[in-house]
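> Handing you a structure now.
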Amino acid sequence: MRDYLKKIREEQGKTQQHVAFATGLTRQYYNMIESGERQADMSLSIMKKLSEAFEVPLDYIIEQESKLNQ
């Protein structure tokens, strides 16, 4: 589970639907990313979309993903 994505999303008062729309994904697919069911090794393009949707540095997303894969 990508708790860091859920935490950012909730802190910003965004729904999964809002994030999905901002990234061009379906809500179901974003839910699977957040829960860890999809994108086990998240692609750079998805990381970039998430950093833009959450307005956080791409480096932050990369760092969090790196921690998950250790």
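> At 1.4 Å probe size, with every protein chain present, just tell me what the per residue accessible area of the chain comes to in Å².
With all protein chains present, the chain gives 63 Å² per residue.
> Let me have the 222 nm mean residue ellipticity of the chain computed from DSSP H runs of 4+ only, each contributing -39500 (n - 2.57), with the sum over all residues rounded to the nearest 500.
Calculated at 222 nm, the ellipticity per residue is -20000 deg cm²/dmol.
> Related question: Over the chain, what is the mean sequence separation of C-alpha contacts under 8 Å (at least six apart), divided by residue count, expressed as relative contact order in percent?
31 percent
> Taking 25 Å as R0, compute the FRET efficiency from the Cβ-Cβ separation of LEU68 and PHE21 and round it to 0.05.
About 0.50, to the nearest 0.05.
> So for the pair GLU55, LYS6, with labels modelled 7 Å out along Cα→Cβ, what separation do we get in nm?
Each label point is offset 7 Å from its Cα along the Cβ direction, giving 2.4 nm.
> Binning at 10 angstrom from zero up to the longest distance, how are the C-alpha pair distances of the chain distributed in percent?
For the chain, the pair-distance distribution reads 21, 65, 14, 0.
The values are calculated or read from the model by the stated rules, or taken from the named source; none is laboratory data. Just so it is clear, the structure is predicted and the values come from calculations on it, not from any experiment. Don't worry about glycine lacking a Cβ; one is built from the backbone with ideal geometry, like all the others, and counts go over all protein chains shown. Each accessible area value is taken on the protein alone, full model and side chains, heavy atoms only, with ligands, DNA and RNA left out. Shrake-Rupley method; radii C 1.70, N 1.55, O 1.52, S 1.80 Å.
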